[in-house]
Amino acid sequence: MKALFSTAYFPPIAWMAAARRYDTILIEAKETYPKQTYRNRTEIMTAGGVRVLTVPVIRNNHSRTEEVLIDYRDRWNIIHMRTLTAAYSASPYFQYYSDEIEHLLSGKYTTLLELDIATVQWLLKQFKIKCRVELTSDWSTPVGDEHDLRYLFTPKHPYPTDSLKPYYQVFGDRIPFTPNLSALDLLMNLGPEAKDYIEGIA
């Protein structure tokens, strides 16, 4: 089976749980790029609560997602790695994954889509999800048995979290459990067991 997904930067847990159900996920590349979505942001847990990490981009009002460029003037990748280190250095599995994440963030990607695909494919590997990742060749409605999930995951309309059971989070002793953060949060806290967690999501 195939499904259409919006692209995402270190996507949320529910995005990853949905991806595991398909043989092929088609990443929407031809849409007019929308603002304030997971396409260039991810949410993690820090000592101060939920923190949004945003990739600065260069675009115009009619840019397609595949045309959106990354703006490196603010050295966002270094800031993101430092923030991830501060947030998860005390987590059970940070040391296991940190070198690969740093290598991932140090790559010189020209477009946001290149970065997003790299983070998605890395997470798929960690979660042992065996599906192909392809880009759409044009803007179209789903064909045949394709499912359209392009508008399901958005910060403006949070994904229903009834099926997202609590798991250990680093600052859980002082901050209430927060569901559907970046899949990085699940990986840092559960490690290999993160795969079992998303397989339990309805």
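The figures follow:
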| quantity | calculated |
| --- | --- |
| The stretch 14-102: C-alpha gyration tensor shape, a/c 1.5 cut-off, then a/b vs b/c | oblate |
| Dipole magnitude of the chain, debye to nearest 20 (Cβ charges: Lys/Arg +1, Asp/Glu -1, about Cα centre) | 320 debye |
| Residues of the stretch 23-171: accessible area per residue with a 1.4 Å probe, Å² | 56 Å² |
| Highest-fluctuation residue, Ala14, Ala90, Ala183 considered, GNM on the chain with Cα pairs under 10 Å | Ala90 |
| Theoretical gain in end-to-end length, Ile58 to Phe171 [0.36 nm per residue, Cα-Cα removed] | 37.2 nm |
| Estimated inter-spin distance, Ile78 and Ala47, nm [label 7 Å along Cα→Cβ] | 2.2 nm |
| Anisotropy class of the stretch 110-164 from Cα gyration tensor, a/c 1.5 cut | rounded |
| Euclidean distance between Cα centres, the stretch 28-62 to the stretch 140-202, Å | 17 Å |
| In Å², nearest 10: area of Ile58 left accessible to a 1.4 Å probe | 80 Å² |
| Dipole of the chain [Lys/Arg +1, Asp/Glu -1 at C-beta], most positive-end residue of Thr7, Gln95, Trp76 | Trp76 |
| The chain: calculated mean residue ellipticity at 222 nm from DSSP helix runs of at least 4, using -39500 (n - 2.57) | -9000 deg cm²/dmol |
| Whole-angstrom Cα spans of the stretch 61-202 along principal axes, big to small | 47, 40, 29 |
| Rounded to the nearest 10 Å², the accessible area of Phe94 at probe 1.4 Å | 10 Å² |
| Solvent-accessible area, 1.4 Å probe, carbon plus sulfur percent, for the stretch 114-180 | 54 percent |
| Cα-based Lys proximity count in the chain, under 24 Å, for pairs eight or more positions apart or on separate chains | 18 |
| Added length on full extension, which subtracts the Cα-Cα distance from 0.36 nm per residue, Met1 to Thr141 | 48.8 nm |
| Fraction of accessible area attributable to carbon and sulfur, the stretch 22-108 (%, probe 1.4 Å) | 46 percent |
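The values are calculated or read from the model by the stated rules, or taken from the named source; none is laboratory data. Keep in mind that this is a model prediction, so the values were computed, not measured. Don't worry about glycine lacking a Cβ; one is built from the backbone with ideal geometry, like all the others, and counts go over all protein chains shown. Surface accessibility is based on the protein's heavy atoms, side chains included, excluding ligands, DNA and RNA. Shrake-Rupley method; radii C 1.70, N 1.55, O 1.52, S 1.80 Å.
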